[in-house]
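Working notes, structure below.
The values are calculated or read from the model by the stated rules, or taken from the named source; none is laboratory data. Model, not experiment: these values are computed from the prediction. Glycine also receives a Cβ, built like all others from the backbone with ideal geometry; neighbour counts cover every protein chain displayed.
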Amino acid sequence: MDVGNLSDLAAGFKDLGADPRIILMVVIGGVLIYLGIAKGFEPLLLLPIGMGIILVNLYPPLMEGAFEGRPEGILAWIYSYGIKNGIIPLLIFLGVGAMADFTPLLSRPIYFLFGAAAQIGVFIVFLIAIAAGFEIEEAACVGIIGGSDGPPTVYITAILAPQLLGPITLAAYAYMALVPIIQPPIVRLLTTKKERAIVMKPESREVSRRGALAFPVLSFVTAAVLIPRSAPLVGMLMFGNLLNVSGVTHRLARSASTVFIDVLTFLLGLCVGALMSAEVFLRPQTLAILGLAALAFAVSTAGGVLMAKFVNLFRKEPINPVIGAAGVSAVPMAARVAQKLGQEANPENFLLMHAMGPNMAGVIATSVAAGIFLQILS
Amino acid sequence: MSDLIEGLRISGVGVGAVFGTLAILMFLMMGMGRVFRTDGVAVEEVVAAGGVEAKVGEGPEDTVEVAAIALALASYMKERGKELGGRPIAISGVNYQVEVGDLSRSPVAVVVNGGSYRASVDGEGLPVTEQIAPVLGTQMRDTQRGRNWRSAYPLAQGAYWDRRGWAGRGGLGVKRE
């Protein structure tokens, strides 16, 4: 028996002792897994991300060659051919489209404006990030977190600032899970109880099948003509939605919105976690990203609420401004928060389906904002 | 500094482009809403045609349910300035002769195939027509949207319809005389 090989078995312990940051990263991975399981915070993402962090920090060869274009480890392969070129985030967006119901948005098209207003945090934090010393491409990726939409954030970061993919993706998904904590104080600050108690009637008009069919096509064409670099994101989203509303591709829509998106989601989560090695993650820059992301969320929420209040100046039948907060596209958490806040102010208030309108508008708006950054910066 | 100026330029263009794109989509959808308008058609068309389409096996369980449906139809049509009158309604292929009394007086009398019912809200009578009709009209449409919509607008915004009749807080108590 070769005694040298036996001593290699303890190499892992030696590495742990040599770099205590590895232990810290394993703890961070464990905390994410705990939050996913015990607290139910985005478990579909935090579990794979947490596992990816633990795996790559305990066994770095899993990501060997990922950044040199010569992948050798299994996670390096998935990263190089699935995430770095944007395939996985785009295909996830296809699944999101297949799950999406745009009916609340189409029944009151004014909600498009709330989704647009909720992107204000993206651009304000983009500027703050530049002032804080981030490169302009990195600042765009930090700002887009304010849109609260995972796939566009991953897509644009993989192209513009792949070195920040780990912390930015973690911040985006972590804050999405924290929407019920971040949004209520901001909404309460910007609205009176009387405003939050405004009862809204159910949808003002029904959406015909032809209207539902025309929407994805028209949206894609509009986005592709105006902001060509948003075409991949909006195109995938709308293609998925077309599968859903066409009524003739039930099997495809069901596959896209279930097994297909599930497989891609855990591959994405695992790889994002694997990008968080100790030397990449434990830097002051990561803390700055987490802080700026929180600010982006807060400003975007405020933007949506203020837009709803502004629109009310011109309407006979007022809109409950709380639903403006759902313009950040954390679907459906932001809509649930609006429902909860509305009902808190008036138990007879049911805002969920109204809030889904700005919520879906936010998904489109974030894709457009990401397309604008790509158009100008890449 | 030059990065910040460039950032300001990008932000200005970006905000404008996001609002511009979504505003265009908004106007397109408003236009489509006019072209493909459907609201208010379903119930009136089926009543005028003398029948309400439903899947086999999903018809009302008894005439109390028919009374509730008739009341909803009458309120919905009243909202649009029309009368149900003495026209028969058909549910799951079965015709029912119904008459609905004055909606502005409480309780409202509903007659189904000769059986008489009286409807009121929480035993106190219906609100005046102008208030109740839009709510009932909307709810009648909402019942066609499936379980998710009903669960989004449960109870407190008024009654909702299920196979056991109008239910929920503020629901219409439809009672056989």
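Any idea which of A:ILE181, A:ILE144, A:ILE128, A:ILE198 is of a type in the set (Val, Ile, Thr), more than 11 Å from chain B (Cβ to nearest Cβ) and assigned to a helix (DSSP H, G or I)?
Only one candidate qualifies: A:ILE181.
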Given the criteria out of contact with any Lys or Arg (no Cβ under 7 Å at 6 or more places or on another chain), crowded, with 24+ Cβ neighbours inside 10 Å and among the β-branched types (Val, Ile, Thr), does A:VAL311 qualify? no
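Please note which helices (runs of 4 or more DSSP H) are completely contained in the stretch B:1-115 and include at least 1 residues that are more than 21 Å from the chain's Cα centre (by Cα) and either modelled with pLDDT of 85 or more or surrounded by 15 or more Cβ atoms within 10 Å (Cβ to Cβ) (or both). Break it down into steps so the answer makes sense when it comes.
Details: elements: B:2-35, B:42-48, B:63-79.
The helices (runs of 4 or more DSSP H) meeting that bar are B:2-35.
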Would you check which residues across the stretch A:131-141 are assigned to a helix (DSSP H, G or I) and under 22 Å from A:LYS84 (Cβ atoms) and list them? A:ILE136, A:GLU137, A:GLU138, A:ALA139, A:ALA140, A:CYS141
The correct count of residues that are part of a helix (DSSP H, G or I) and out of contact with any helix residue (DSSP H, G or I) (no Cβ under 6 Å at 6 or more places or on another chain) in the stretch A:58-73 is 3
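With a cut-off of at least 3 residues that are modelled with pLDDT of 90 or more, name the helices (runs of 4 or more DSSP H) lying wholly within the stretch A:258-322.
So the answer is A:261-274, A:284-312.
Restrict the check to the stretch A:240-251 and report whether at least one residue is farther than 30 Å from A:LEU165 by Cβ, within 14 Å of chain B (Cβ to nearest Cβ) and touching a Lys or Arg at 6+ places or on another chain (Cβ under 8 Å).
Scanning the stretch A:240-251, I find at least one residue that is farther than 30 Å from A:LEU165 by Cβ, within 14 Å of chain B (Cβ to nearest Cβ) and touching a Lys or Arg at 6+ places or on another chain (Cβ under 8 Å), so the answer is yes.
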Filtering the stretch A:260-317 down to residues that are of a type in the set (Lys, Arg) and farther than 25 Å from A:ALA334 by Cα yields A:ARG283, A:LYS316
Could you list all residues from the stretch A:320-340 that are surrounded by fewer than 24 Cβ atoms within 10 Å (Cβ to Cβ) and in contact (Cβ under 8 Å) with a residue 60 or more places away in the chain? A:VAL331, A:MET333, A:ARG336, A:LYS340
Expected single match for modelled with pLDDT of 90 or more, under 24 Å from the mean Cα position of the chain (by Cα) and within 19 Å of A:ALA117 (Cβ to Cβ) among A:SER329, A:SER367 is A:SER367
Could you list, in sequence order, the residues of the stretch A:202-239 that are in a loop (DSSP other than H, G, I, E, B), over 23 Å from the mean Cα position of the chain (by Cα), facing chain B (nearest Cβ under 7 Å) and in contact (Cβ under 8 Å) with a residue 24 or more places away in the chain? A:PRO202, A:ARG205, A:GLU206
Only one of these is crowded, with 24+ Cβ neighbours inside 10 Å and either over 12 Å from the mean Cα position of the chain (by Cα) or without any contact (Cβ under 8 Å) to a residue 40 or more places away in the chain (or both): A:THR169, A:THR157. Name it. A:THR157
Could you list, ordered by first residue, the pairs with Cβ atoms under 6 Å in which the first is in the stretch B:1-28 and under 15 Å from A:ALA361 (Cα atoms) and facing another protein chain (nearest Cβ under 7 Å) and the second is among the basic types (Lys, Arg) and part of a helix (DSSP H, G or I), at least 6 apart or interchain? none
Counted residues, the stretch A:101-125 - those being surrounded by 24 or more Cβ atoms within 10 Å (Cβ to Cβ) and assigned to a loop (DSSP other than H, G, I, E, B): 3
Within the stretch A:90-109, is even one residue within 14 Å of chain B (Cβ to nearest Cβ) and touching a Leu at 6+ places or on another chain (Cβ under 8 Å)? yes
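Which residue out of A:ALA131, A:ALA140, A:ALA118, A:ALA100 is under 25 Å from A:PHE310 (Cβ atoms), of a type in the set (Gly, Ala, Ser) and at pLDDT 90 or above? Step through it out loud before you land on a result.
Details: A:ALA131 fails: under 25 Å from A:PHE310 (Cβ atoms); A:ALA140 fails: under 25 Å from A:PHE310 (Cβ atoms); A:ALA100 fails: under 25 Å from A:PHE310 (Cβ atoms).
Just one listed residue meets the conditions, A:ALA118.
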